[in-house]
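Asker: Dropping the structure in here first, questions after.
The values are calculated or read from the model by the stated rules, or taken from the named source; none is laboratory data. If you're wondering where the values come from, they're calculated on a predicted model, not measured in any experiment. Here the Cβ positions follow ideal geometry from the backbone for every residue, glycine too, while neighbour counts run over all protein chains shown. The area values use the complete protein model at the heavy-atom level, side chains included, leaving out ligands, DNA and RNA. Shrake-Rupley method; radii C 1.70, N 1.55, O 1.52, S 1.80 Å.
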Amino acid sequence: MKIKAVLMDMDGTLCGRSQVAVSVANMTAVQRAIEKGVHVIPCTGRVFNMLPPQLLTQQGLRYFVTSHGARAYDKELNISLYENLISPENSAKLLRILEGKGLYNEIAANSTIYFEKAVSDGFNTSVKAVPEHHLWYVRDDCYTAVESPSAHFAANGIGIEKINLYSIPQELQQSIYDEVNATGFIKHTRPGAGANLEFQTTTLNKLLAVEAILGKIGVSYEETMAIGDSSSDFEILQNCGLGVAMGNAPDNIKAAADVVTGLNTEDGLAQAFEKYVL
């Protein structure tokens, strides 16, 4: 089987322990695959401009599946080939629940991250709430801050790709969880209330975003390799001609894949590219 495209996960797959830098071996493997004419397609839960800087500057990377499939993006034309977002009206309703509580709340939309300005102002004095692997993003001012996210999204017709909340105070965890559930238009990627939450539209289907790109480039699932490590990669690993699980993946993901490669901390992605693509 000749591999014509690779669907490549980020965290726990391309990225190592820091979740920021990409190893020389992995980046070299990606570049060599591109030079060979293989379509390398980052397929990630991250919003576009929170991808590792090495990927954003790598020549030949054109197509991206971001926010767990909320968007299929063509970087060259700067257009979305597919979107499945929370509607602007529902986005505003959801954001009204979260505003004014001082929560570190990453609102992914328009391929970037929005923050409530009252929260982002606190970055100047403290970064305790910011996840360690997001510090570069905050310190480089890559985000957009607005006074009232709910008003901004409603006025500008913006739909949410996904939301991440980190370090929710214990006394708010259950009430926040219950209130966002009560809207009826979100689903969680992590079960139950807790300090961290991530949620998106109920109709999210990562395969539809993948298929929008594969259809555009004229490549079938049978000619595609997928490589990943988590539950969000499960369906893609099962549908592609070759599914590669990382050595650090849980057992159910390994069982869903055709083969298992090395750990992400040991350049398992480069090993898989070398063996099956290059």
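Asker: Would you work out what percent of the accessible area of the chain, with all protein chains in place, is carbon or sulfur (probe 1.4 Å)?
Answerer: That share works out to 48 percent.
Asker: Quick check for me: using +1 on Lys/Arg Cβ and -1 on Asp/Glu Cβ, what's the dipole size of region 207-268 about its Cα centre, in debye to the nearest 20? Intermediate values should be presented prior to the final figure.
Answerer: Values: 2 positive and 10 negative charges, 24 e Å.
Approximately 120 debye in magnitude.
Asker: Tell me, in nm to one decimal, what length is gained between Ala195 and Ala21 on full extension, where the rule is 0.36 nm per residue of separation less the Cα-Cα distance?
Answerer: Working it through step by step, the gained length comes to 60.1 nm.
Asker: Skipping prolines and chain starts, which residues have an amide H placed within reach, meaning under 5 Å, of the one on Phe115, given they are 5 or more residues away or on another chain?
Answerer: Residues meeting the criterion, in which the H sits 1.01 Å from N, are Thr144, Ala145, Val146.
Asker: Determine the dipole magnitude for region 159-213: charges of +1 sit on the beta-carbon of Lys and Arg, -1 on that of Asp and Glu, nothing else is charged, the reference point is the Cα centre, and the result goes in debye to the nearest 20.
Answerer: Roughly 160 debye for region 159-213.
Asker: Would you work out if region 205-278 is rounded, prolate or oblate? Take a ≥ b ≥ c from the square roots of the eigenvalues of the alpha-carbon gyration tensor; rounded if a/c is under 1.5, else prolate when a/b is larger than b/c, oblate otherwise.
Answerer: In terms of gyration-tensor shape, oblate.
Asker: Now a separate question. Treating the beta-carbon of each Lys and Arg as +1 and of each Asp and Glu as -1, no other charges, what is the dipole magnitude of the chain about its Cα centre, to the nearest 20 debye?
Answerer: In total the dipole reaches around 320 debye.
Asker: While we're on this one: Cα gyration tensor of the chain, axes a ≥ b ≥ c as square roots of the eigenvalues: rounded (a/c below 1.5), prolate (a/b > b/c) or oblate?
Answerer: Working: a/c = 1.76, a/b = 1.68, b/c = 1.05.
Taking the square roots of the gyration eigenvalues as a ≥ b ≥ c, the chain is prolate.
Asker: Just the accessible area for His39, please: 1.4 Å probe, Å², rounded to the nearest 10?
Answerer: 70 Å²
Asker: Pull up the DSSP beta bridges for the chain and report the antiparallel fraction as a percent, rounded to 5.
Answerer: 55 percent
Asker: Follow-up. Answer with one residue from Asn181, Val210, Pro191: the one whose Cα lies farthest towards the positive end of the charge dipole of region 150-212, charges on Cβ with Lys, Arg +1 and Asp, Glu -1.
Answerer: It is Val210.
Asker: Okay, moving on. Tell me, what ³J(HN,Hα) does each residue in region 93-108 have, in order and in whole Hz, if you take phi through Karplus 6.51 cos²θ - 1.76 cosθ + 1.60 with θ = phi - 60° and put x for Gly and Pro?
Answerer: 4, 5, 5, 5, 5, 9, 5, x, 9, x, 7, 6, 10, 8, 9, 8
Asker: Under the Karplus relation 6.51 cos²θ - 1.76 cosθ + 1.60, θ = phi - 60°, what is the ordered set of whole-Hz ³J(HN,Hα) values for region 215-220, x standing for Gly and Pro?
Answerer: My calculation for region 215-220 gives x, 5, 8, x, 10, 8 Hz in order.
Asker: What are the residues whose amide H is under 5 Å from the amide H of Lys162, where those residues sit 5 or more places off or on another chain and H is modelled from the backbone?
Answerer: Ala108
Asker: Just to check I understand the Karplus step: with θ = phi - 60° and J = 6.51 cos²θ - 1.76 cosθ + 1.60, what whole-Hz values come out for region 138-144, glycine and proline as x?
Answerer: In residue order, the calculated couplings are 5, 5, 8, 6, 7, 8, 10 Hz.
Asker: Would you mind working out the accessible area per residue for the chain, using a 1.4 Å probe, and quoting it in Å²? Present the calculation step by step, with values, prior to reporting the outcome.
Answerer: Working: 11790 Å² over 278 residues.
Per residue, the chain has 42 Å² of solvent-accessible surface.
Asker: For a quick check: with amide H placed at 1.01 Å from N, whose amide H comes under 5 Å from Asn248's, ignoring anything fewer than 5 positions away on the same chain?
Answerer: Hits under the 5 Å cutoff: Asn264.
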